[in-house]
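Trainee: Just dropping this structure here.
The numbers here are math on the coordinates, done by the rules we state, and not lab data. Here the structure is a predicted model, which means the values were calculated and not measured. A quick note on method: Cβ atoms are made from the backbone with ideal geometry, for glycine too, and the neighbour counts reach across all protein chains shown.
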Amino acid sequence: MVFQSAIAPNLGLVTASAAAAGATLTIDLGAIRRNYRAIAARLKPGTVCSAVVKADSYGLGAARVAPMLADAGCRHFFVAHLGEAEAIRPLLPADCAIYVLHGLMPGAEAECLAVGATPVLNNLGQIERWAALAKREGRRLPAIVQIDSGMSRLGLPPEEIDRLAAEPERLSGIDLLYVMSHLACADEPDHPASKAQLAAFEARRRLLPAAPASLAASPGILLGPDYHFDLVRPGVALYGVSPVSGVPSPVEPVVRLEARVVQVREIGPGTGVGYGHTYIAERPMRIAAISVGYADGWIRHLGNRGAGYIGEHAAPFIGRISMDSATIDVSAIPGEIPDGTPVELIGAHRTVEEVAIDAATIGYEILTNLGTRFHRIYVDA
Ligand SMILES: *Cc1c(COP(=O)(O)O)cnc(C)c1O
């Protein structure tokens, strides 16, 4: 089945047709479904598998991904912002929970309730405001409480956990669905911080009223069953990218990116290519300008790095990446290269992880930056 995307869910714009767009992003919903099931199958018995669909499902389109995962049986979804919960709430069955990782911004309490989103309460102030709303409403309201176990980002710090332990009435009116925390170094499997955080999480959550627990995102799941608790929160692994940098993905790839040749030219030795002439031809060459640039997430650090593929032939990037275009060396490619020829940038020959290494970043950043100008095709193979 092939669906053409009419609406870019995050922008509300009509996406370009294949001929009108510079590149085509193909997203395999079936692969995301299989990844979800594969992750769920490796969990400790009884552990629930949620899905993290923040940042528009890591750029792949939460409006398509979240309902598909709900059909596959997922009932717990995490987003970062309340606005993201609002966007997907109408698309999900009523029995699906949507948790907002950033919790409650001041003044957002009534909207959070109206949307039917569940906040992840990260400090005593957020707890106080949610409890106050419960009191005003005269009913219990659900929430997750996040505690910091050693990442120093979000969640109650130790002194606030102690205060909450001493004054548990602060939680009155709140249905504590889960106590959660997040690992800082799980993408380095031997890093000692993960064991330390596991121990801190175990100790600190016991200070609070008993509730189910959640600690692991994608890399934490790979650390094994000690980290699974009652619910896991995979994001990047659903989208086919290895959560451990430099390690091949344990899941199926999901995206394919294909740009197109805009123009081919022959150049002689000594000719500079692109802004800043960071590449100078040393011999006669045939080069091609292709229709993807840093505004599409093909970041500037990829200048003079890596290659696109025309059929089975590698065509190395040369020169800087421009906003809307980049240049590749097609000298080694036999035969004509007509305008519009597809150039595979992510797919069978190059993974997101390999592009990330060239770009001196992680697969997460490459994936979430893939552009909104692409023609998008959703397949369910
Ligand atoms: C983003 C995020 C996740 C998902 O992380 P992945 O590494 O993509 O699986 C889970 N939990 C929290 C708190 C997050 O911020």
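Trainee: Report the one residue of Ile161, Pro192, Gly150 whose Cα lies farthest in the direction of the positive end of the charge dipole of the stretch 116-247 (charges on C-beta: Lys and Arg +1, Asp and Glu -1; origin at the Cα centre).
Mentor: Ile161
Trainee: Now, a different point. Measure nothing fancy, just the Cα-based angle from helix 62-71's long axis to the longest principal axis of the chain, in degrees from 0 to 90, nearest 10.
Mentor: The two axes meet at around 60 degrees.
Trainee: Work out the length of the dipole vector of the stretch 138-206 about its Cα centre, built from +1 on the beta-carbon of each Lys and Arg and -1 on the beta-carbon of each Asp and Glu, and round it to the nearest 20 debye.
Mentor: So the dipole magnitude of the stretch 138-206 works out to roughly 300 debye.
Trainee: Treating only the Cβ atoms of Lys and Arg (+1) and Asp and Glu (-1) as charged, compute the dipole magnitude of the chain about its Cα centre; round to the nearest 20 debye.
Mentor: Here the chain has a charge dipole of around 440 debye.
Trainee: OK, next. Pairing the Cα long axis of helix 29-41 with the longest principal axis of the chain, what angle in degrees results, from 0 to 90 and rounded to the nearest 10?
Mentor: 40
Trainee: Between Thr271, Thr24, Thr361, where does the largest GNM mean-square fluctuation fall for the chain, given springs only between Cα atoms within less than 10 Å?
Mentor: Of the options given, Thr271 has the highest mean-square fluctuation.
Trainee: While we're here: Rank these for me by crowding, Asp296, Asp339, Asp329, going from fewest to most other beta carbons within 10 Å.
Mentor: Asp339, Asp329, Asp296
Trainee: Please list, or write none, the aspartates and glutamates whose alpha carbon is within less than 16 Å of the alpha carbon of Lys54, excluding same-chain residues fewer than 8 places away.
Mentor: Glu84, Glu86, Glu365
Trainee: Given a Förster distance of 45 angstrom, what is the FRET efficiency for Asp226 paired with Glu336, based on the Cβ-Cβ distance and rounded to 0.05?
Mentor: Plugging the Cβ-Cβ distance into 1/(1 + (r/R0)^6) gives 0.20.
Trainee: Could you give the nm distance between label points at His191 and Glu312, where each point is 7 Å from its Cα heading toward the beta carbon?
Mentor: If labels sit at His191 and Glu312, their model points lie 4.1 nm apart.
Trainee: While we're here: Among Gly363, Gly235, Gly335, which one shows the highest mean-square fluctuation when the chain is modelled as a Gaussian network with alpha-carbon springs under 10 Å?
Mentor: Sorting by GNM fluctuation, first place goes to Gly335.
Trainee: So for the chain, averaging the separation of alpha carbon pairs under 8 Å that are six or more residues apart and normalising by length, what relative contact order in percent results?
Mentor: 20
Trainee: I've got another one for you. Give the distance, in whole Å, between the Cα centre of the stretch 155-173 and the Cα centre of the stretch 31-106.
Mentor: First find each Cα centre; the distance between them is then 28 Å.
Trainee: Between Glu128 and Ala199, what FRET efficiency follows from the Cβ-Cβ distance if R0 is 30 Å, with the result rounded to 0.05?
Mentor: Taking R0 as 30 Å, the efficiency between Glu128 and Ala199 is 0.55.
Trainee: I'd like to know which of Ser242, Pro93, Ile267 lies farthest towards the positive end of the charge dipole of the chain, counting +1 on Cβ of Lys and Arg and -1 on Cβ of Asp and Glu.
Mentor: The residue sitting most towards the positive pole is Pro93.
Trainee: Students often forget the sequence filter, so: which lysines lie under 21 Å Cα-Cα from Lys44 once same-chain residues fewer than 8 apart are removed?
Mentor: Partners found: Lys195.
Trainee: Here is a further query. Which order do Tyr378, Tyr227, Tyr99 fall in if you start with the one that has the fewest other Cβ atoms within 10 Å?
Mentor: Neighbour counts put them in this order, fewest first: Tyr378, Tyr227, Tyr99.
Trainee: Assigning unit charges at the beta carbon (Lys, Arg +1; Asp, Glu -1) and nothing else, what dipole magnitude in debye, to the nearest 20, does the stretch 91-159 show about its Cα centre?
Mentor: 140
Trainee: With everything on Cα atoms, drop me the angle between helix 124-137 and the longest principal axis of the chain, reported from 0 to 90° to the nearest 10.
Mentor: So the helix axis and the longest Cα principal axis differ by about 70 degrees.
Trainee: May I pose another question? Find how much the distance from Glu167 to Asp380 grows on full extension, using 0.36 nm per residue of separation minus their present alpha carbon separation; answer in nm with one decimal.
Mentor: In short, 71.6 nm is gained.
Trainee: While we're looking at this one, here's another question. Once fully extended, how much extra length lies between Ala18 and His81, figured as 0.36 nm per residue of separation less the alpha-carbon to alpha-carbon distance?
Mentor: Length gained between Ala18 and His81: 19.5 nm.
Trainee: With unit charges on the beta carbons (Lys and Arg positive, Asp and Glu negative) and the dipole taken about the Cα centre of the stretch 68-226, which residue among Gly116, Ser172, Pro225 sits farthest to the positive side?
Mentor: Ser172
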